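To start, the structure itself, in structure tokens.
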Amino acid sequence: MSRSPFMLILLLVLGAVAVGLLALGAFPPAVAPQAVERALPNDRFSTGR
């Protein structure tokens, strides 16, 4: 082997990151549905009377 151990470890880590990103792209995590909260007008502190 002509590669240094550092380069081999770096290549393995980058490969693992790439495989993880591909797995996340193929099978994205499920998003929990949340209720949308409407903004209510705040009449208490309004300046116009």
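Here is how the numbers come out for the structure above:
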quantity: 0 to 90° range, to nearest 10: angle between helix 5-26 axis and the chain longest Cα axis; calculated: 40 degrees
quantity: Relative packing of peptides 24-30, 14-20, 35-41 - highest average C-beta neighbours within 10 Å first; calculated: 14-20, 24-30, 35-41
quantity: Kirkwood Rh and Cα Rg combined as Rg/Rh, the chain; calculated: 1.58
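Read the figures in this text as sums done on the coordinates, not as results from a lab. Bear in mind that the values here come from a model prediction, so they are computed numbers and not experimental data. With ideal geometry, Cβ positions are generated from the backbone for all residues, glycine too; neighbour counts draw on all protein chains shown.
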